[in-house]
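I have placed the structure first, in the form of structure tokens, so that the comments after it can refer back to it.
The values are calculated or read from the model by the stated rules, or taken from the named source; none is laboratory data. Keep in mind that this is a model prediction, so the values were computed, not measured. Backbone-built Cβ (ideal geometry, glycine too); neighbour counts: all protein chains shown. These area figures cover heavy atoms from the full protein model, side chains too; ligands, DNA and RNA do not enter into them. Shrake-Rupley method; radii C 1.70, N 1.55, O 1.52, S 1.80 Å.
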Amino acid sequence: MEQNRSGYLPLAKSEYQDEGEVDREFEEILALLPEPAVFQQQQRERHSSSASGKRASKFLCKKYSLKWLVLAYLAGFLSCPILQFFFPSLCLGRPATSEPTSRSSSNTGTIDDDDDLNVLASSYAGERTSNVYPPPSPTNNFPSYFPTDVGYPGNFATGVEAGIVATAPSYPVQSGAPNLVGPSTLPKGKKKKFDIFRHWGNLSPWYSVPPEDFGLDTTPDAPKGCRITGLHLLHRHGARYPTERSTYGGPERFAEKIHALAANWTASGDLEFLNEWTYKLGRGLLTPFGRQQLFDLGAATRIKYGFLLQNFTEQAALPVFRTTSQDRMLYSALNFAIGFFGYPHQDQYLQSITIEAPSFNNTLAPYFTCPNALNASKAERGVLYVEEWTATYLRKALKRHQAQLKGLELTIEDMYTMQQLCAYETVALGYSAFCDLFTEQEWEGFNYALDLHFWYNSAFGSPVARIQGIGYIQELVSRLTQTRIPVHNTSTNATLDDNDETFPLGRSIYIDATHEVVFLNIITALGLNNFAESGPLPSDHIPKKRPFRSSHLSPFATNMQFQLLACDSTPDSEQIRIVINDGVSPLTSLEGCPHNPDGLCPLKEFVKAQQKHIETADWTWACYGDWDVPPGTAWNTTTGDPPARKA
């Protein structure tokens, strides 16, 4: 006999005379009438033998007649709406909201009258959730019981420093995003090797750029006949939670929107997970993956350039690494240092922490001393272009997903934000269901949307890009020439930069940490116009070949190596080259730098070109000048400069 699944007792067998008919009828009734779970096993045992079955039938017949069954049905039928009235969470699930379900606002939609209320989004959908660790007052926190050094370290000895760029026949590449999980398949996928992690613009984890993408068939290891003598490394912080400031898109606003209207909508199909989804992201801090990125970058830098530390031993000096006071910046630098030096690291280097706040000159966060860089009409020109482009590439996605969400009207901006959530949740939580919602073509579109954003806000298309990067160029030239900055007329900090302790000269390794916007400011200020060769980026299509890609230039943990080299072919001239995320950049856009297959330029010529850039930069006009630029294509720049000063 099959087991029944729920409900009420069957009619008694004693009302029938024929035993076979009784058994057949009994099983038919069992299939139609639900049975209490508490009696399931008992009745199976009672009917295993006819004798015990008859006794059980008589017992059931006497206690549960048809009259009582009918009364039980009526009682159950009437009790549910009564309980529903007094206890809304019982019987029928969540009650309908007392507010009207049809609204005129663009943020709401209408639920059809025949929709099942049981599938409405949960009341906590979109709600911010978080964990607290470590506990504020742990009861077993007795550090004296757990010293980090108890002696007895065993026998050990140091070895020779690593130096892949100087010794290995090939250069290691960064090819993936360890510990992150992307979608197994994407809708309408065509490319066998489509890597979603490389299509998130500045939200991508950094990876080694293929040599051909920058136009040079070479790698960052020392060219034949050359040896690396110095390194200046500039890197971005690691993967973080979303920041509070967002002019278009913004995961936090999306979560607030759907949570505020959770009583009105229901999602199905690919969006069904939204019914139970909560906002689990923090704000601005490094994620565990972000910490790992910087630890790995530090360790990788030590493996590649550790041999340069011998210079510090000879000089009886420690390296000075720089970062800013912002939380994600500080802990990116510290994780890098732990990766580079190992733990404990404090006595192996000196960490300079520059204040990132208004009124403090800081080349790693220059916007606070440049008022025009905080003016949206000048500094956020990319928003219009992003809005125009998202309306094109996300049109089909909006139609597709709106059909799966009743009671809430989605927008193009919501689609863009869902793509942001894919990237942010993945680098924070390891995986995101939002990643499965979009096609390869739509991810290509998202990647380009971020190119538009950064081209016009922070790079060659921004009127305040070059001026913000020029302070770092002054510091770079100071280090390369081993001379102090003659005039502090930009974002440089005279107190720190004129001090031998805080800004030493003549060292073989320099490590600085900054933000992606400043990273792009510096690329622009360097005059690497090879990344601007295609001119202003259009907002109605993706150019077939575009040298400017934010996923190449400014992903999480992006890094730029300024390598100093001594080469046999040029014994009287030290060389320099620039390596961005393991891609060697041509320097032919710089005056005096010849074409070189390995991207080399004589250091003297490179310095002359940068000194000219410094001389032509007008900090007062660019940062304080009373100039305006119209939105859109009515005005454009490809050098990151503002309109020329009027005569």
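Within region 305-324, being among the aliphatic types (A, V, I, L, M) and either assigned to a helix (DSSP H, G or I) or touching a residue at least 24 places away in the same chain (Cβ under 8 Å) (or both) holds for Leu308, Leu309, Ala317, Leu318, Val320.
Applying the selection to region 393-437, what residues are among the aromatic types (Phe, Trp, Tyr) and either over 16 Å from Gly126 (Cβ atoms) or open to solvent by 10 Å² or more (accessible area, probe 1.4 Å) (or both)? Of everything in region 393-437, those that are among the aromatic types (Phe, Trp, Tyr) and either over 16 Å from Gly126 (Cβ atoms) or open to solvent by 10 Å² or more (accessible area, probe 1.4 Å) (or both) turn out to be Tyr393, Tyr416, Tyr424, Tyr431. For Arg245, are the conditions met, namely being open to solvent by 20 Å² or more (accessible area, probe 1.4 Å), more than 30 Å from Thr570 (Cβ to Cβ) and not in a helix (DSSP H, G or I)? Yes: the conditions hold for Arg245. Restricting attention to region 603-619, the residues that are in contact (Cβ under 8 Å) with a residue 24 or more places away in the chain and either of a type outside the set (S, T, N, Q) or loosely packed, with under 15 Cβ neighbours inside 10 Å (or both) total 11. Among the residues of region 248-269, just one is assigned to a loop (DSSP other than H, G, I, E, B), in contact with a Phe, Trp or Tyr (Cβ under 9 Å, 6 or more places away or on another chain) and hydrophobic (A, V, I, L, M, F, W, C), namely Ala262. Do we have any residue at all in region 258-278 that's of a type in the set (Ser, Thr, Tyr), under 20 Å from Val160 (Cα atoms), open to solvent by less than 30 Å² (accessible area, probe 1.4 Å) and at pLDDT 95 or above? Scanning region 258-278 turns up no residue that is of a type in the set (Ser, Thr, Tyr), under 20 Å from Val160 (Cα atoms), open to solvent by less than 30 Å² (accessible area, probe 1.4 Å) and at pLDDT 95 or above.
Being in contact with a Cys (Cβ under 8 Å, 6 or more places away or on another chain) and either of a type outside the set (Gly, Ala, Ser) or surrounded by fewer than 22 Cβ atoms within 10 Å (Cβ to Cβ) (or both) holds for only one residue in Ile580, Ile576, and it is Ile576.
Being in a helix (DSSP H, G or I) and either surrounded by 23 or more Cβ atoms within 10 Å (Cβ to Cβ) or in contact with a strand residue (DSSP E or B) (Cβ under 7 Å, 6 or more places away or on another chain) (or both): is that true of Thr229 here? Answer is no for this residue. Select from region 458-500 the residues that are of a type in the set (Asp, Glu) and without any contact (Cβ under 8 Å) to a residue 24 or more places away in the chain and list them in ascending order. Passing the criteria: Asp497, Asp498, Asp500.
Taken over region 370-392, the residue count meeting the criterion of being open to solvent by 20 Å² or more (accessible area, probe 1.4 Å), touching a helix residue (DSSP H, G or I) at 6+ places or on another chain (Cβ under 9 Å), within 30 Å of Gly625 (Cβ to Cβ) and part of a helix (DSSP H, G or I) is 7.
Based on what the data block shows, is Arg302 charged (D, E, K, R), under 15 Å from Tyr510 (Cα atoms), in contact with an Asp or Glu (Cβ under 6 Å, 6 or more places away or on another chain) and touching a residue at least 24 places away in the same chain (Cβ under 8 Å)?
The answer is no for Arg302.
Mind checking which residues of region 329-354 are more than 24 Å from the chain's Cα centre (by Cα) and open to solvent by 70 Å² or more (accessible area, probe 1.4 Å)? Listed by number, the residues that qualify are Tyr343, Pro344, Gln346, Asp347, Leu350, Ile353. Checking the condition assigned to a loop (DSSP other than H, G, I, E, B) and either open to solvent by 30 Å² or more (accessible area, probe 1.4 Å) or at pLDDT 95 or above (or both), which residue from Arg283, Arg291, Arg302 passes? Answer to the check: Arg283. Here Thr490 fulfils each of the conditions (1) surrounded by fewer than 23 Cβ atoms within 10 Å (Cβ to Cβ); (2) over 17 Å from Gly201 (Cβ atoms) apart from (1). Of all residues being of a type outside the set (Val, Ile, Thr) and part of a loop (DSSP other than H, G, I, E, B) in region 621-639, which is most open to solvent (accessible area, probe 1.4 Å)? Just the residue, please. Checking each candidate, the answer is Asp626. For Arg479, the criteria (1) surrounded by 16 or more Cβ atoms within 10 Å (Cβ to Cβ); (2) within 30 Å of the chain's Cα centre (by Cα) hold in every case but one, which is (2).
Looking at the structure I just gave you, is Thr219 assigned to a loop (DSSP other than H, G, I, E, B) and either out of contact with any Gly (no Cβ under 9 Å at 6 or more places or on another chain) or open to solvent by 20 Å² or more (accessible area, probe 1.4 Å) (or both)? Yes: the conditions hold for Thr219. No other residue among Gly461, Gly471 is assigned to a helix (DSSP H, G or I), buried (at least 24 other Cβ atoms within 10 Å of the Cβ) and small (Gly, Ala, Ser) apart from Gly471.
Of the candidates Leu294, Leu281, the single residue that is touching a residue at least 40 places away in the same chain (Cβ under 8 Å), over 23 Å from Phe341 (Cβ atoms) and among the aliphatic types (A, V, I, L, M) is Leu281.
Scanning region 544-560 for residues that are open to solvent by 10 Å² or more (accessible area, probe 1.4 Å) and at pLDDT 95 or above turns up Pro547, Arg549, His552.
Taking (1) touching a helix residue (DSSP H, G or I) at 6+ places or on another chain (Cβ under 7 Å); (2) in a strand (DSSP E or B) in turn, Leu364 satisfies each apart from (2). Checking each residue in region 121-155 for being surrounded by 10 or more Cβ atoms within 10 Å (Cβ to Cβ) and either hydrophobic (A, V, I, L, M, F, W, C) or not in a loop (DSSP other than H, G, I, E, B) (or both) picks out Ala121, Ala125, Arg128.
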